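Read through the structure below, which is laid out as structure tokens, and then see the notes.
Values quoted throughout were computed directly from the atomic coordinates according to the rules given, and no laboratory measurement underlies them. Keep in mind it's a predicted model, so treat the numbers as computed, not measured. Ideal geometry is used to build each Cβ from the backbone, glycine not excepted, and the neighbour counts take in all protein chains shown.
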Amino acid sequence: MRARNQPFYNGRAMKRVWLLLTAMGCVCWAQPPINWTQQKTEILKHYRELIQIDTRAGNETKAVDYIRRLLEAEGIPAQTFALDPARANLVARLKGSGTKRPLLILAHTDVVGVQPEKWPVDPFSASLKDGYVWGRGSLDDKPVLTADLIVMLLLKRNQIRLDRDVIFLAESGEEADTAGVGINFMVQQHYDAIDAEYSLTEGGNAIIEDGRVFSVNIGTAEKVPARVRLVATGTSGHGSVPRMDNALIHLGAAVEKAGRWRTPMRLDDTTRTYFEKLATISTPEKAARYNALLNPATADAAQRYLAQHEPGAYSMLRTSVVPTMLKAGVGANVIPSEAEATLDIRALPDENIQNFYTEMAKVIDDPQVKIEPLPMTRPFSPASRLDSEMYRVLEQTSKRIYPGATVLPSMSTGASDKAQLRAKGQQSYGIGPAGTRDDITNYGAHSDVERLAEPSIYTFVEFVWGAVTGVAAAR
Ligand SMILES: [Zn+2]
């Protein structure tokens, strides 16, 4: 085991491990040794150029054209699928022997908007400054896009024999897709092009502490948006005459009850393993709290603490209810006959949502208030397995690339395109490059300013290569 203060990237050590395994006759991990030091130039070039292509919604085809040119130049055929010509999706496939079902590696090409005045550099310059690459998309999602592209090129160049097809999907409209141009279009109309046993995409990360990667988060599950409107009705009338059936009073009480409702806590494979393993790398005080969650006798106090101090962890334990919008009234002297609130409900992957709404109606306990479910934006999707070949390979690759790191399966409280793939039966996993907590908090996805430490892009590409060849290369 290496000392804590050693750098987290060490290509020579990797090569030694490979040589050792090969010498031992261990075919399980024997991969051709890529010279990752030499590979840096090409990785940085494509990563920066992909950031420099401004792919705010409606411009995704520009990135697709760039990627297609590179793939075709090396003899990898690419197909595009476009509902909107400016927002194309690209699919490229390297054929395997068919012994195993395909692996899909995907990344979205679009990025969110920018406020240029908040940036120290041009947000589409991919500037190199202070050891970072700065730019919109430098985290979300161009590292995964770059890694997928490079892995395809390297698989082809090195003529890696595959047990399963490797399919690369560069998809549009992940951030903003009211027209359904991206994953919905691909899943609904071209699923045969991306049908796979496993998929790898954004939705994980690795945390750097004291100069080394301390933990690797693999996204294995996510909550499902299942929002509702609460509609309170009452008698309308003059503001000078109080009425006990005032819709606003009833709505206010209902919002308070729903918002303060401590919904039932439930652990699944992902969250149980997450808190168990998190405890092993936390301070004694935090560890005691995470362990307390696993014991019904002590879970209550631990949950109360998390509700106050770690709301993200609290949310992973339950279907959550968060009031987000209110709408009522037309004048200061008018009692409205109707008032409504929106609740952003995020359901656990295995929630029975109709039963949940019934329970919520009992909590609100007011015949004047109706619960109206809003249209679902994502399908319910089961968590991906922790005992699959893909997850095992991700764990082994994490430990190889980031020696000493703890691997945590994680449940995202947000939603992603993995939902649509899981709903089709894929075991879909979220991965991502390494950053410090400061980077992730202050320069993360969708932040005013986005950046990634330059060494992290190299290590991440190597990680994706390890994961892809680990699960797809011929044994
Ligand atoms: Zn993203």
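Taking the Cα centre of the range 223-361 as origin, work out the dipole magnitude from +1 charges on Lys and Arg Cβ and -1 charges on Asp and Glu Cβ, in debye rounded to 20.
Numbers: 16 positive and 14 negative charges, 36 e Å.
Magnitude of the dipole: close to 180 debye.
From the convex hull of the Cα coordinates of the chain, what is the mean projected area in square nanometres?
Spelled out: convex hull of the Cα atoms, projected over all directions, averaged, 25.4 nm².
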> Under a point spin-label approximation (7 Å from Cα along Cα-to-Cβ), what is the A86-T37 distance to one decimal in nm?
Replying inline: 4.7 nm
> To the nearest whole percent, what portion of all C-alpha pairs in the range 289-439 is separated by more than 23 angstrom?
Replying inline: 57 percent
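Among the listed pairs K223/K370; K327/K370; K129/K418; K95/K277; K142/K223; K100/K277, which are separated by more than 26 Å between their Cα atoms? Walk me through the numbers before you get to the answer.
Details: K223/K370 24 Å; K327/K370 15 Å; K129/K418 33 Å; K95/K277 37 Å; K142/K223 24 Å; K100/K277 31 Å.
Where the Cα-Cα span goes over 26 Å, the pairs concerned are K129/K418; K95/K277; K100/K277.
Rounded, prolate or oblate, given the Cα gyration tensor of the range 63-194, with a/c below 1.5 counting as rounded?
Details: a/c = 2.42, a/b = 1.43, b/c = 1.70.
Taking the square roots of the gyration eigenvalues as a ≥ b ≥ c, the range 63-194 is oblate.
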> Using alpha-carbon positions, what is the distance between the centroids of the range 352-398 and the range 411-475, in Å?
Replying inline: 22 Å
> Using a simple spin-label model with points 7 Å from Cα along the Cα→Cβ vector, what separation in nm is obtained for K370 and H309?
Replying inline: 4.5 nm
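Using the beta-carbon distance between R260 and R157 and R0 = 56 Å, what value does 1/(1 + (r/R0)^6) give for FRET efficiency, to the nearest 0.05? Don't skip to the end; give the middle numbers.
Working: r = 59 Å, r/R0 = 1.04.
After rounding to 0.05, the efficiency reads 0.45.
Work through the residues other than Q354 whose Cβ is under 14 Å from its Cβ and net out their charges, Lys, Arg +1 and Asp, Glu -1.
Details: positive: K362; negative: D350, E351, E359, E372.
With Lys, Arg at +1 and Asp, Glu at -1, the neighbours total -3.
If I take every Cα pair under 8 Å that is 6 or more residues apart in the range 176-227, average their sequence separation and divide by the length, what percent do I get for the relative contact order? Let's see the in-between values first.
On the way: 22 pairs, mean separation 10.2, N = 52.
It comes to 20 percent, rounded to a whole number.
For Y458, what charge total do you get from the other residues with a beta carbon under 11 Å from its beta carbon, if Lys and Arg give +1 and Asp and Glu give -1? Walk me through the intermediate numbers first.
On the way: positive: K40; negative: E42, E454, E462.
Taking every other residue near Y458 into account, the sum is -2.
Tell me, what is the FRET efficiency for S236 and Q188 to the nearest 0.05, using R0 = 45 angstrom and their Cβ-Cβ distance as r? Numbers along the way, then the final one.
Working: r = 44 Å, r/R0 = 0.98.
For R0 = 45 Å, the calculated efficiency reads 0.55.
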> How many nm separate the modelled label positions at M325 and E389, each set 7 Å beyond the Cα in the direction of the Cβ?
Replying inline: 4.6 nm
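Can you give the FRET efficiency to the nearest 0.05 for E359 and E285, using r as the Cβ-Cβ distance and R₀ = 51 Å?
Details: r = 34 Å, r/R0 = 0.66.
My answer for the efficiency is 0.90.
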